[in-house]
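Following: one structure in structure tokens, then a few remarks.
The values are calculated or read from the model by the stated rules, or taken from the named source; none is laboratory data. Just so we're clear, the structure is a prediction, and the values are computed from it rather than from any experiment. So basically every Cβ, Gly included, is an ideal-geometry build from the backbone, and we count neighbours across all protein chains shown. Surface accessibility is based on the protein's heavy atoms, side chains included, excluding ligands, DNA and RNA. Shrake-Rupley method; radii C 1.70, N 1.55, O 1.52, S 1.80 Å.
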Amino acid sequence: DQQVKQNSPSLSVQEGRISILNCDYTNSMFDYFLWYKKYPAEGPTFLISISSIKDKNEDGRFTVFLNKSAKHLSLHIVPSQPGDSAVYFCAANTADNAGNMLTFGGGTRLMVKP
Amino acid sequence: ETGVTQSPTHLIKTRGQQVTLRCSSQSGHNTVSWYQQALGQGPQFIFQYYREEENGRGNFPPRFSGLQFPNYSSELNVNALELDDSALYLCASSRGLDWNSYEQYFGPGTRLTVT
């Protein structure tokens, strides 16, 4: 049972345009969500997070939106740059999970074309 | 500040053998988590160690075991290797179990191939 799903395995976007990566979850106990970026031959790198008490968190070009009623979150990258080309993972956790046992989605490969 | 390091980078083993993977956590971090990432999938939580004690475990059989040392480095041991154990094994460290310590810092991983 996949509790965190990223239904788009890949996304291609033109440089300068907006990239929108989506993530759905089924476990209503999840209350903290994170996005990680992964380049080949490297480990995932933390990008941005959001607590369930918020519906938006922004950090520079990256914004994460959370819709709790729909159990859906999205990552917006504006403007997209070729260096953003990577695999993006959505992850989730619960407050009573004694720390950092993250549940990951399957990832979306983003390709930003110059 | 030294990041998370893992060794070896790549490893090839035969079915039935045993393997030990190693991880050095980031400076100041006392919590280490291990994940298995199969090809084309997201990382899957194996277990976590906090101050040398196992703090939680995912849906993995007992032949997956681990250790954390006083310097907070860690080992992942897998016995009786199966073909499906072929994957990228990621280690991640964090500052602790507090609410605000959810950001984990990952190493580059060990690519294990079982033939």
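Sorted largest first, the principal axis extents computed over the alpha-carbon atoms of chain B equal 40, 27, 26 Å.
Using the Cβ of B:Q17 as centre and a radius below 14 Å, the other residues enclosed give a net charge of +1, where K and R count +1 and D and E count -1. The Rg/Rh ratio of the protein assembly as shown, with both radii computed over alpha carbons and Rh defined as the Kirkwood radius, is 0.97.
Packing, as the average of other Cβ atoms within 10 Å across residues, places the peptides B:23-33, A:27-37 in the order B:23-33, A:27-37, highest first. The B and A chains share an interface that buries close to 1800 Å² of accessible area, total over both sides, probe 1.4 Å. Distance between the 7 Å Cα→Cβ label points at A:N7 and A:A70: 1.0 nm. Work out the FRET efficiency for B:N59 and B:A80 from their Cβ-Cβ distance, taking R0 = 25 Å, and round it to the nearest 0.05. Taking R0 as 25 Å, the efficiency between B:N59 and B:A80 is 0.90. Seen from A:A86, the other residues with C-beta closer than 12 Å to its C-beta sum to a net charge of +1, counting Lys and Arg as +1 and Asp and Glu as -1.
Only Cα pairs under 8 Å and at least 6 apart count here; give the relative contact order of chain B as a rounded whole percent.
On the way: 299 pairs, mean separation 41.9, N = 115.
Result for chain B is 36 percent.
By the scheme Lys and Arg +1, Asp and Glu -1, what is the net charge of all other residues having a beta-carbon under 14 Å from that of B:I46? Surrounding charge for B:I46 is -2. Rg over Rh for chain A works out to 0.96, both radii taken from alpha-carbon positions and Rh defined as the Kirkwood radius.
Using 23 Å as the Cα-Cα cut-off, could you pick out the over-long pairs in A:K71/A:K113; A:K38/A:K68; A:K5/A:K56; A:K5/A:K68; A:K54/A:K113; A:K37/A:K113? Could you put the intermediate results ahead of the total?
Working: A:K71/A:K113 30 Å; A:K38/A:K68 26 Å; A:K5/A:K56 20 Å; A:K5/A:K68 15 Å; A:K54/A:K113 32 Å; A:K37/A:K113 17 Å.
The answer is A:K71/A:K113; A:K38/A:K68; A:K54/A:K113.
Here the simple spin-label model places points 7 Å from the Cα toward Cβ, and for B:E52 and B:R22 these points are separated by 1.9 nm.
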